[in-house]
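So the structure is just underneath, and the comments pick up after that.
The values are calculated or read from the model by the stated rules, or taken from the named source; none is laboratory data. Given the structure is predicted, the values throughout are model-derived calculations rather than measurements. With ideal geometry, Cβ positions are generated from the backbone for all residues, glycine too; neighbour counts draw on all protein chains shown. Remember, those area values only see protein heavy atoms, side chains included, never the ligands or the DNA or RNA. Shrake-Rupley method; radii C 1.70, N 1.55, O 1.52, S 1.80 Å.
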Amino acid sequence: MDVDEALLSVGEFGWCQKRLTGFLILLQVYVACQSMLIVIVGAIPEYHIDIEAESADRDIIKLVRFSDNFTSIVSEWHLIQHEAYKVNLASSLLFAGLLIGNILFGPLSDKLGRRPVYLTGLFFDVLFGYLTALAPNYEVFAVSRFFVGIMNGGMALVSFVLTQEYVGKSYWALTGSLTNLTFAVGIALYALLGYYIRNWRILAFVANSPGVLFFLLSFLLPESPRWLYSRGYTAEAEAVLHCIARGNGKEILSVKLKESNATPGPGDSAHSVFDLVRYGVLLRRTIILMYIWYVCSLVYYGLTLNAGELKGNLYMNVALYGLIEVPAFPLCLFFIEKSWSGRRKSTSGFLVFAGLACIFTMFLPDNNRLYLSPSAFALLGKLSVSAAFNVVYIYTSELYPTVVRNAGLGVCAMACRVGGILAPFVPSMKSLNPSMPFLAFGISGISAGILSLLLPETLNKPIAECTEDLQSPAYQLLNKTKQKEVDIEL
């Protein structure tokens, strides 16, 4: 039997898989705190410049008086006026690190294994997270955020793939949606943490500390049986599946996988990130997916990071921009499992709706009713792009064969981080025209939604284990047979 059949026999989503995936899904709370740290840590407290002392002393540091409501890197290092760009720079450095992490960790985990690469990334993520909290100056803070980005982005990518590969394909939509839902809840929890901890150093320290617990517990995670099988480690894959079967209460179950065509060994170079260019079908998918991921990140993080600049309570705004994503979870599960929408049309619809919501904000006055205000439509845009982000994670996992799945996700996530790098600076386009940021978000969302219609549908279709499966007549026949069975059922 193949891995999908084996997972079905041991229980596609039994008690053992629920514990494994539940742990990795909860890890997203830590990932969210690290990703959104700058929103509160880099917030600008109320301040005034002592005009009376200005004539006697021209040193801006001595003239500024910050409110003592909370501290941030702005108040500690006086990042205002001509120094204000450093806050956005630190945020962009994080996303630049995420980009590099996605490039490095994806191919590495395809070659060396999901588990060791994930553990290494999490260890250094926690280490550099503490360096952020203890940074003696802005330069060390900025560099630490860059390295946090490398480790956090790579580790989060590999953990997501692990979450998917522990369970059967029919549960990928559920685990993928729960992963993104937990990230959204993590943003809200980080806002709550910031509300009670007003010192930025203590906040950064506390937000990073759960990573230590996650790292220690991660040693209990097994390697991905899909990765083991795709690399030719058939016996090791069977051992993991036996372990999962026992964890699901199936003590006497025998699992026997058919021999894999892959050659064992971490040094095997038969499959690599270059497969994405070597095979025309993968190249077309990758180019389209890279643009979609770029747009999702640009709009998602652009709207989220903009929460710190909105009027009203800082912590409430950040929490709302996290909690607004919660409805995206049931929406995704509903649409992506329907034959009339599936993965492709759901991705397209959510992106187009997000783009339209952002464009509509340009035509609404600020003093309009609450449910017709620009802020309300911006939240709708955030909800819709969150749903699109959720679907595209699942969709991308299904479009790539197992042997290059992490490499494919890594390249797409690399494009995603380019959007993240640019996102902190898009709100500054308000200086040209107040509507410019939302116009950029709107056009990007609509164009990506239209482009996604060029991708194939993956609902109720088999997962390719190797690149040769994409061209295999047997795979194509199985694909068509699966689709006919679905049509008959409908």
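Each Lys or Arg adds one and each Asp or Glu takes one away; over the other residues whose Cβ falls under 15 Å from the Cβ of Ile287, this sums to +2.
Computed from phi, the 3J(HN,Hα) profile of the stretch 318-334 under the Karplus parametrisation 6.51, -1.76, 1.60 (θ = phi - 60°) reads 5, 5, 4, 5, x, 5, 5, 7, 4, x, 5, 5, x, 4, 4, 4, 6 Hz, with x in place of Gly and Pro.
For the stretch 412-422, 3J(HN,Hα) computed residue by residue from phi via the Karplus equation (6.51, -1.76, 1.60; θ = phi - 60°) reads 5, 5, 4, 5, 4, 6, 4, x, x, 5, 7 Hz, glycine and proline entered as x.
In the full protein context, the stretch 93-247 carries 32 Å² of accessible surface per residue, based on a 1.4 Å probe and ignoring ligands, DNA and RNA. The charge dipole of the stretch 156-238, taken about its Cα centre with unit charges on the Cβ atoms of Lys, Arg (+1), Asp and Glu (-1) only, comes to about 360 debye.
In terms of accessible area, using a 1.4 Å probe and ignoring ligands and nucleic acids, Lys86, Lys256, Lys18, Lys250 rank largest first as Lys256, Lys18, Lys250, Lys86. Heavy-atom accessible area, probed at 1.4 angstrom with all protein chains present, ranks Met316, Met151, Met1 as Met316, Met1, Met151, highest first. A 1.4 Å probe, protein heavy atoms only, puts the accessible area of Thr163 near 0 Å².
Entry note: the stretch 323-458 has Rg to Rh equal to 1.01, where both radii use alpha-carbon atoms and Rh is the Kirkwood radius. In this structure, the residue pairs whose Cα-Cα separation is over 29 Å, taken from Lys169/Lys345; Lys18/Lys258; Lys382/Lys430; Lys256/Lys345, are Lys256/Lys345. Each residue of the stretch 456-463 was assigned a 3J(HN,Hα) from its phi angle through the Karplus expression (A = 6.51, B = -1.76, C = 1.60, θ = phi - 60°), giving x, 7, 10, 4, 6, 10, x, 8 Hz with x at Gly and Pro. Charge tally for Val411 (other residues, Cβ to Cβ under 14 Å; Lys, Arg +1; Asp, Glu -1): +3.
Where Lys and Arg each count +1 and Asp and Glu each count -1, what net charge lies around Leu94 among other residues with Cβ under 14 Å from its Cβ? Once all neighbours under 14 Å are counted, the net charge is +2. Note on exposure: Ser9, Ser297, Ser375 ranked by accessible area (1.4 Å probe, complete protein assembly) read Ser375, Ser9, Ser297, with the most exposed listed first.
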